[in-house]
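Here the structure comes first, spelled out in structure tokens, and everything after it is commentary.
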Amino acid sequence: MFLRKFGVGAAVAALMAFSGLPAAALPFNYETGFQPAASPVMEQIEDFHRLLFYIIVAVCLFVAALLVWIIIKYRAGANAVPSKVHHNTLLEVAWTLIPVIILVVIAIPSFKLLYLEATIPKPDVTIKAIGKQWFWTYEYPGSAAGFTYDSLGLSDADAAKAGKPRLLGVDNPIYVPVDKVVEVDTMGADVIHSWAMPQMGVKMDAVPGRINKTWFKSNQTGIFYGQCSELCGARHAYMPIELHVVSEADYAAWLSASKKKFAALENDAARVASK
């Protein structure tokens with residue numbers, strides 16, 4: 001009865017409010033690092049980032065210590081007569097091999113991560129994200145859905161009224177089920193856009209005339225935010241992405257309501273063809 005009276009979106013929002021799930025991807029003062037990971041891919045991106053950080057810190061400390069040692073040991077006061085020794089074979093081999101070993105240590109997890117991101121498992125849900133100036137159009141194809149709708153960023157006043165963050169909230173969010181593989185097919189209707197959802201570890205360009213594919217699998221429910229990450233024109237900063245990850249039951253209820261609320265794909269195609 002609650003779903004019929006107030007709508008699926010309101011019911012899901014109320015459910016999240018009662019369960020204490022915060023909206024993610026919000027900025028904080030003096031924040032550093034990534035937003036909290038919400039998918040296996042983003043967790044591995046964070047692990048790889050930490051590995052690189054440790055290597056960078058170690059290299060910087062080593063180089064700094066080496067500079068200090070050279071400055072002190074080989075200063076003019078301690079070496080009135082400068083040494084004329086050159087061509088240390090062991091040293092030359094070491095400064096060639098050690099960087100190669102470091103690069104191999106970096107390359108192995110890097111290739112594994114690239115393979116994980118590029119290899120799309122069998123999807124449970126497929127969404128087409130079409131970048132337009134300056135909003136997103138989403139299509140849920142297939143017999144289980146088969147509808148399309150536009151998702152526009154809210155004005156400051158509407159965002160405040162809806163209790164959504166400024167420049168991130170939208171009028172029609174995306175809904176996906178938790179713990180399911182979601183394939184996102186991106187394309188551009190006019191210029192190059194980029195569909196980015198940081199906490200899912202996803203950023204894929206939406207290019208006119210071609211379809212790029214990416215995927216994510218959220219391991220937690222909640223509300224997540226992203227933005228177009230390509231300079232696509234004057235209102236580039238006003239085409240955000242709002243993602244709601246919900247339970248399978250709530251997702252099924254949203255699908256049922258959305259098929260009635262939004263335009264069917266075949267009807268939308270016929271409308272476009274008639275123009």
**OP:** State the number of residues belonging to the range 32-82 that are closer than 30 Å to VAL181 by Cα and either in contact (Cβ under 8 Å) with a residue 40 or more places away in the chain or of a type in the set (D, E, K, R) (or both).
**Re:** 18
**OP:** Report yes if ALA257 is touching a helix residue (DSSP H, G or I) at 6+ places or on another chain (Cβ under 6 Å) and open to solvent by 10 Å² or more (accessible area, probe 1.4 Å), otherwise no.
**Re:** yes
Original post:
Looking at (1) buried (at least 20 other Cβ atoms within 10 Å of the Cβ); (2) modelled with pLDDT under 95; (3) among the hydroxyl-bearing types (Ser, Thr, Tyr), can you tell me which one THR186 breaks?
Top reply: (2)
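For the range 95-104, state whether one or more residues are in contact (Cβ under 8 Å) with a residue 12 or more places away in the chain and under 22 Å from LEU51 (Cα atoms).
The first filter runs over the range 95-104 and keeps only residues in contact (Cβ under 8 Å) with a residue 12 or more places away in the chain, leaving 102.
The next check asks that each one be under 22 Å from LEU51 (Cα atoms); those that pass are 102.
Within the range 95-104, one or more residues are in contact (Cβ under 8 Å) with a residue 12 or more places away in the chain and under 22 Å from LEU51 (Cα atoms).
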Original post:
So which of ILE127, ILE120 ends up being in a loop (DSSP other than H, G, I, E, B) and under 22 Å from the mean Cα position of the chain (by Cα)?
Top reply: ILE120
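Residues being aliphatic (A, V, I, L, M), under 25 Å from GLN44 (Cβ atoms) and out of contact with any Phe, Trp or Tyr (no Cβ under 8 Å at 6 or more places or on another chain): count how many of those fall in the range 214-247. It would help to see each step written out before you state the result.
From the range 214-247, those aliphatic (A, V, I, L, M) are 223, 231, 234, 237, 239, 241, 243, 245-246; that's our starting set.
Imposing the further condition that a residue be under 25 Å from GLN44 (Cβ atoms) reduces the set to 223, 241, 243, 245-246.
Now narrow it down to the ones that are out of contact with any Phe, Trp or Tyr (no Cβ under 8 Å at 6 or more places or on another chain): 223.
Summing the residues that are aliphatic (A, V, I, L, M), under 25 Å from GLN44 (Cβ atoms) and out of contact with any Phe, Trp or Tyr (no Cβ under 8 Å at 6 or more places or on another chain) in the range 214-247 gives 1.
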Subject >> Scan of the range 224-237 for residues that are closer than 14 Å to GLY169 by Cα and either within 12 Å of the chain's Cα centre (by Cα) or at pLDDT 95 or above (or both), ordered by number >> reply: PHE224, TYR225, GLY226, GLN227, CYS228
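Given the structure, is ASP179 open to solvent by less than 20 Å² (accessible area, probe 1.4 Å), among the charged types (D, E, K, R), touching a residue at least 24 places away in the same chain (Cβ under 8 Å) and under 21 Å from TYR251 (Cα atoms)? So that I can check it myself, show each step before the final result.
Details: open to solvent by less than 20 Å² (accessible area, probe 1.4 Å): no; among the charged types (D, E, K, R): yes; touching a residue at least 24 places away in the same chain (Cβ under 8 Å): yes; under 21 Å from TYR251 (Cα atoms): yes.
So ASP179 fails the test.
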Subject >> Test: residue in the range 158-168 that is within 17 Å of the chain's Cα centre (by Cα), under 30 Å from PRO121 (Cα atoms), touching a residue at least 40 places away in the same chain (Cβ under 8 Å) and open to solvent by less than 40 Å² (accessible area, probe 1.4 Å) >> reply: yes
Subject >> Criterion violated by PHE34 - all others in (1) open to solvent by 90 Å² or more (accessible area, probe 1.4 Å); (2) of a type outside the set (Lys, Arg); (3) out of contact with any Asp or Glu (no Cβ under 9 Å at 6 or more places or on another chain) satisfied >> reply: (3)
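Sort out which residues of the range 125-147 are exposed (fewer than 15 other Cβ atoms within 10 Å of the Cβ) and without any contact (Cβ under 8 Å) to a residue 60 or more places away in the chain, and write them in order of number. Walk me through it before giving the result.
The first filter runs over the range 125-147 and keeps only residues exposed (fewer than 15 other Cβ atoms within 10 Å of the Cβ), leaving 141-144.
Selection gives GLY142, SER143.
Working carefully through the options THR148, THR89, find the one that is among the hydroxyl-bearing types (Ser, Thr, Tyr) and under 25 Å from the mean Cα position of the chain (by Cα).
Values: THR89 fails: under 25 Å from the mean Cα position of the chain (by Cα).
Of THR148, THR89, the one residue that is among the hydroxyl-bearing types (Ser, Thr, Tyr) and under 25 Å from the mean Cα position of the chain (by Cα) is THR148.
The values are calculated or read from the model by the stated rules, or taken from the named source; none is laboratory data. A quick note: this is a predicted structure, and the numbers were derived from the prediction, not measured. Neighbour counts run over all protein chains shown; Cβ positions are idealised from the backbone, glycine included. SASA here: full protein model, heavy atoms, side chains in, ligands and nucleic acids out. Shrake-Rupley method; radii C 1.70, N 1.55, O 1.52, S 1.80 Å.
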